[in-house]
Amino acid sequence: MLNTPFPTTPTASGHAEGVSNDEFRAALSRLAAGVVLVTAQEPPLDPDDPTAPGVEDVGMTATSFMSVSLDPPLVLVSLREGSRMDDLLAEQPLWAVSVLAESQRHIAGRFAMRGRISDRLLFEDIPYTRGEATNAPLVGGALATLECRTEQRVAAGDHTLVIGRVLTARVPSAEGGPLTYFRGRYRQLG
């Protein structure tokens, strides 16, 4: 049995005694993470109304993205529960990921804003192509792009872990290094 000097019984907030939100954030901010743009298409709000807008592109910056399995090829993205992307991917099984290059900090910042303007305007001046399997935007100049289909959704605290099967994987650009996030800021390696 492991002897711990501090109690680890969860409190009403879900934290172990002695672990605050600020302490947890500060500790995990020391873990460098790659930055991706997760994209999908939102179907029309009212498909029976010919005046309703058609499909709309939606995007979200994420740093909690990782490879899960090689066979079959699976990836995972963590989404804040109840966020627009979480709600969308609960209904829309097809989505894409663009691994951002260090020169694409402006894209990461744009799609990470709270209370932001319409996603349509956010995509307006960003070069992108449409994925062949998902029709979701794939950012031009990204280090890599993946198209995915949701295999599983797992509730995890205040987030949803979305596990996706990789349908396509491309490495369109070998230029530059990855955009990373460390201690609350976007960074470049080196």
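Of Leu100, Leu88, all but one fail to be of a type outside the set (Ser, Thr, Tyr), under 13 Å from the mean Cα position of the chain (by Cα), within 14 Å of Thr39 (Cα to Cα) and modelled with pLDDT of 95 or more; the exception is Leu100. From the list Ala144, Ala112, exactly one residue is within 26 Å of Val68 (Cβ to Cβ), open to solvent by 10 Å² or more (accessible area, probe 1.4 Å) and at pLDDT 95 or above. Which is it? Answer to the selection: Ala144. Has the range 24-36 got any residue that is assigned to a strand (DSSP E or B), at pLDDT below 95 and under 17 Å from Thr145 (Cβ atoms)? Checked the range 24-36: at least one residue is assigned to a strand (DSSP E or B), at pLDDT below 95 and under 17 Å from Thr145 (Cβ atoms). For the range 148-190, residues that are of a type outside the set (Ser, Thr, Tyr) and in a strand (DSSP E or B) total 24.
Within the range 153-190, the set of residues being free of Cβ contacts under 8 Å to residues at least 60 places away in the same chain, more than 26 Å from Gly131 (Cα to Cα) and not basic (Lys, Arg) comprises just one member, Gly190. If you take the residues in the range 168-181 that are touching a strand residue (DSSP E or B) at 6+ places or on another chain (Cβ under 9 Å), open to solvent by 70 Å² or more (accessible area, probe 1.4 Å) and not hydroxyl-bearing (Ser, Thr, Tyr), which one is modelled with the lowest pLDDT? Filtering the range 168-181 for residues that are touching a strand residue (DSSP E or B) at 6+ places or on another chain (Cβ under 9 Å), open to solvent by 70 Å² or more (accessible area, probe 1.4 Å) and not hydroxyl-bearing (Ser, Thr, Tyr), the one modelled with the lowest pLDDT comes out as Glu175. Taking Ala101, is it of a type outside the set (Asp, Glu), in contact with a Gly (Cβ under 6 Å, 6 or more places away or on another chain) and more than 20 Å from Val166 (Cα to Cα)? The answer is yes for Ala101.
Kindly indicate whether any position in the range 81-92 is within 19 Å of Ser118 (Cα to Cα), in contact (Cβ under 8 Å) with a residue 12 or more places away in the chain, part of a strand (DSSP E or B) and open to solvent by less than 30 Å² (accessible area, probe 1.4 Å). No, every residue in the range 81-92 fails to be within 19 Å of Ser118 (Cα to Cα), in contact (Cβ under 8 Å) with a residue 12 or more places away in the chain, part of a strand (DSSP E or B) and open to solvent by less than 30 Å² (accessible area, probe 1.4 Å).
The values are calculated or read from the model by the stated rules, or taken from the named source; none is laboratory data. Everything numeric in this text was worked out from a predicted model, so none of it was measured. Every residue, glycine as well, gets a Cβ built from its backbone with ideal geometry; the counts of neighbours run over all protein chains shown. SASA here: full protein model, heavy atoms, side chains in, ligands and nucleic acids out. Shrake-Rupley method; radii C 1.70, N 1.55, O 1.52, S 1.80 Å.
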